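Q: The following block contains the structure, expressed as structure tokens.
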Amino acid sequence: MSDFRAHFEDASFVSGYLRHGPPAFMPGHSGVLQMAGVLIRENASPDAHVLVVGAGGGLETRALAQLEPHFRFLGVDPAPRMLELAREVIGPEFSDRVDLLEGTADDAPLGPFDAATCILVLGLLPDDGSKHALLQAIRRRMKPRAPLILVDQCLDKAAADFEARLDRYASYARASGVDPQVVEQARAALAANPGLVASERNETLIEEAGFRDWEVFYVGMAWRGWLALA
Ligand SMILES: C[S@@+](CC[C@H](N)C(=O)[O-])C[C@H]1O[C@@H](n2cnc3c(N)ncnc32)[C@H](O)[C@@H]1O
């Protein structure tokens, strides 16, 4: 596991996840989760069984469960501490519709699932075949034409404005009230993340994994959201 992914095993990182995590760093985070629910419902039944890949922290599962009272979920995540946090965040209100499994998409049952999400996970994997393998493992577990919601942070490391984009990322998090020291650590981790790729690369990966009819449904600074059909 790379150093970047090791954060999710770190107790102090995990305890700060809800304060310093996606809602503070990603513009429009709660709106993206709401859009995810709407787009899944557009393309799947009211009682859809949803595979949540990288379910640690529980934020998307809770938001989707709140929006759709008959959706059921299987969440997978390899980091036990992040799964523990997911259990707390999902809480007793929704726990009867949620199963959580320690592992990656490869460890999930074959389903087939009516929908899947992969939110802020793909960018953690190096582009050495691991990203492709993750998307394929997800698609293999989905019904034909079931919707995938993919959300990722994308930056082109070779672009002339790469440093300026990192500064923008840091400014946004500071404006959200994140401690400047935490922001600096996050900026350094992002700059060093071997999984960081340009958004066009993710679109190629989506197609190469066999997904069809994809569209971009969200752009927020360096973040992108795609809807794609299995
Ligand atoms: C940035 S967090 C995002 C969590 C959640 N999806 C959210 O949006 O709040 C990334 C999560 O992906 C998990 N993860 C890392 N590698 C993974 C893999 N190969 N398959 C599934 N999850 C993975 C990490 O353990 C971590 O919990």
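The values are calculated or read from the model by the stated rules, or taken from the named source; none is laboratory data. All values derive from a computational prediction rather than experimental measurement. In this analysis, Cβ positions are derived from the backbone assuming ideal geometry, glycine residues included, and neighbour counts consider all displayed protein chains. Keep in mind that these areas ignore ligands, DNA and RNA; they rest on the heavy atoms of the full protein, side chains included. Shrake-Rupley method; radii C 1.70, N 1.55, O 1.52, S 1.80 Å.
Q: Just want to confirm a number: the relative contact order over the chain, from Cα pairs under 8 angstrom separated by 6+ residues, in percent.
A: 21
Q: Now, a different point. Applying the Karplus parametrisation 6.51 cos²θ - 1.76 cosθ + 1.60 with θ = phi - 60° to the phi angles of region 180-188, what ³J(HN,Hα) value in whole Hz is obtained for each residue in order, glycine and proline being reported as x?
A: Per residue, the Karplus-derived 3J(HN,Hα) values read x, 5, 5, 4, 4, 5, 5, 4, 5 Hz.
Q: What distance in nm separates the simple spin-label points at Ser30 and Ala191, each placed 7 Å from Cα in the Cβ direction?
A: Spacing of the two 7 Å Cα→Cβ label points: 3.3 nm.
Q: According to the Cα gyration tensor, what semi-axes, each the square root of 5 times an eigenvalue, does the equivalent ellipsoid of the chain have, listed from largest to smallest in whole Å?
A: 26, 21, 16
Q: Just to confirm, what accessible area per residue do you get for the chain at 1.4 Å probe, in whole Å²?
A: For the chain, the solvent-accessible area averages 45 Å² per residue.
Q: Sticking with this one: For region 125-228, state which trypsin sites (Lys or Arg not before Pro) are in a DSSP loop and have at most 15 other beta carbons lying within 10 Å of their beta carbon. It would help to have the intermediate numbers written out before the result.
A: Numbers: sites: Lys131, Arg139, Arg140, Arg141, Arg145, Lys157, Arg165, Arg168, Arg174, Arg187, Arg201, Arg212, Arg224; in loops: Arg141, Arg145, Lys157.
Those satisfying the criteria are Arg145, Lys157.
Q: Rounded to whole Hz and in sequence order, give me ³J(HN,Hα) for region 140-155 from the Karplus expression 6.51 cos²θ - 1.76 cosθ + 1.60, θ = phi - 60°, writing x for Gly and Pro.
A: Taking θ as phi minus 60°, the curve returns 4, 9, 10, 5, x, 6, 6, x, 10, 9, 10, 10, 8, 9, 10, 9 Hz for region 140-155.
Q: Near the amide H of Phe217, under 5 Å away, which other amide H atoms are found, from residues 5 or more places off or on another chain, if H is placed in the peptide plane?
A: Under 5 Å from the amide H of Phe217 lie the amide H atoms of Gly225, Trp226, Leu227, each far enough along the sequence or on another chain.
Q: Quick one: grab the alpha carbon gyration tensor of region 141-230, order the square roots of its eigenvalues as a ≥ b ≥ c, and give me rounded if a/c is under 1.5, else prolate or oblate depending on whether a/b is larger than b/c.
A: prolate
Q: May I pose another question? Per the helix-only calculation at 222 nm, which mean residue ellipticity applies to the chain, given -39500 (n - 2.57) for every DSSP H run of n ≥ 4 and division by its residues, nearest 500 deg cm²/dmol?
A: My calculation for the chain gives -13000 deg cm²/dmol from helical runs alone.
Q: So, one more: Express in nm, to one decimal, how much length is gained between Arg140 and Ala160 on full extension, taking 0.36 nm for each residue of separation and deducting their alpha carbon distance.
A: Details: separation 20, 0.36 × 20 = 7.20 nm, distance 3.78 nm.
Gain on extension, Arg140 to Ala160, equals 3.4 nm.
Q: Specify the inter-centroid distance of region 208-230 and region 114-134, based on alpha-carbon positions, in whole Å.
A: Measuring centre to centre over Cα atoms gives 12 Å.
Q: Select from His132, Leu122, Pro144 the residue farthest towards the positive end of the dipole of region 71-173; place +1 on Cβ of Lys and Arg, -1 on Cβ of Asp and Glu, and compute about the Cα centre.
A: Pro144
Q: Here's a follow-up. Which distance in nm do the two modelled labels at Trp214 and Arg201 give, with both placed 7 Å along the Cα-to-Cβ direction?
A: That separation, rounded to one decimal, is 1.3 nm.
Q: Each residue of region 167-174 in order: what ³J(HN,Hα) in whole Hz does its phi give by Karplus 6.51 cos²θ - 1.76 cosθ + 1.60, θ = phi - 60°, with x for Gly and Pro?
A: 4, 5, 4, 5, 4, 5, 5, 4
Q: Of the heavy-atom accessible surface of region 1-139 (probe 1.4 angstrom), what whole percent is carbon and sulfur?
A: Ligands and nucleic acids excluded, carbon and sulfur reach 52 percent.
Q: Cα gyration tensor of region 48-148, axes a ≥ b ≥ c as square roots of the eigenvalues: rounded (a/c below 1.5), prolate (a/b > b/c) or oblate? Each step should come with its number before you reach the end.
A: Working: a/c = 2.01, a/b = 1.28, b/c = 1.57.
The shape class here is oblate.
Q: So how exposed is Met82, as accessible area in Å² (1.4 Å probe, rounded to 10)?
A: Roughly 10 Å² of Met82 is accessible to a 1.4 Å probe.
Q: Follow-up. Given a Förster distance of 30 Å, report the FRET efficiency between Asp107 and Arg168 from their Cβ-Cβ distance, rounded to the nearest 0.05. Let's see the in-between values first.
A: Details: r = 36 Å, r/R0 = 1.21.
After rounding to 0.05, the efficiency reads 0.25.
Q: Using amide H atoms built in the peptide plane, which far-off residues or other-chain residues are under 5 Å from Thr117 H to H?
A: Leu51, Val52, Val53, Ile149
Q: Amide H to amide H under 5 Å from Val178: which residues, 5+ apart in sequence or cross-chain, H placed 1.01 Å off N in plane?
A: When sequence neighbours closer than 5 places are left aside, there are no close amide H contacts.
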